[in-house]
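Written out below as structure tokens is the structure these notes cover.
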């Protein structure tokens, strides 16, 4: 073996190159984890703003466009106008005159054969989402589905009501939404006895992250964290007490 080979073995070069490559890979993945969610969020928000602008701006007279008075385009102008118009519509509908006009318009729509069914369904859907948004999916649970021994996460909506509650001969049936992975907007509506549901402490947002990530993003278990924190605090107190006990007080020499 040559002298140069002894001073610079090939294994050392291989380890250095491998370590440098791993560092570059870790840097790339870290940057991707930061840039990916931010970029997708901005893209979706920009697309929504652009779509609303394309729908609303043609309804506004051109002399009111801020682009005519500024040297640059103003994105979101149509969105702002749409939000203000919806707020004004709600303000008018809350008054007696506005409520009468709304009822008159609903009577006209109810007489149209196809539109009445479409309008009635959409109205009921919006009323359910808007008025009961604070009561929807407040709890997360586990049920054995599709067979005993296999557990699935469900979002608990409300107790069974109406004909469902009357026809089902069971006590305290809960309506549960079983979302699919990775798209939680689709799933199954199940009515499950309350005794068969294991209530979880996680929030609906944490459950959604768990479902979308296919179990890769696990929410922190707050109770277990609190126990560990208390245990850690107790250990620290015990350690300090032992340290104080080991320190002997200084005795002054007698004169």
**Message:** Between region 136-155 and region 49-104, how far is it from one alpha carbon centroid to the other, in angstrom?
**Reply:** 43 Å
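Of the listed peptides 173-183, 69-79, 105-115, what is their order by residue-averaged count of other C-beta atoms within 10 Å, with the highest listed first?
Taking the mean over residues of other Cβ atoms within 10 Å, the ranking is 173-183, 69-79, 105-115.
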**Request:** Round to the nearest 0.05 the FRET efficiency obtained for residue 88 and residue 42 when R0 = 51 Å and r is the Cβ-Cβ distance.
**Result:** 0.95
**Fill in**
With a Förster distance of 41 angstrom and the Cβ-Cβ distance between residue 25 and residue 54, calculated FRET efficiency to the nearest 0.05 equals 0.50
**Prompt:** Sorted by mean Cβ packing within 10 Å, highest first, what order do the peptides 187-198, 54-65 take?
**Reply:** 187-198, 54-65
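FYI, it's all coordinate maths here, none of it is from the lab. It should be emphasised that the depicted structure is a prediction, and the values quoted were computed from it without experimental measurement. Quick reminder, even Gly has a Cβ in these numbers, built from the backbone with ideal geometry, and neighbours come from all protein chains shown.
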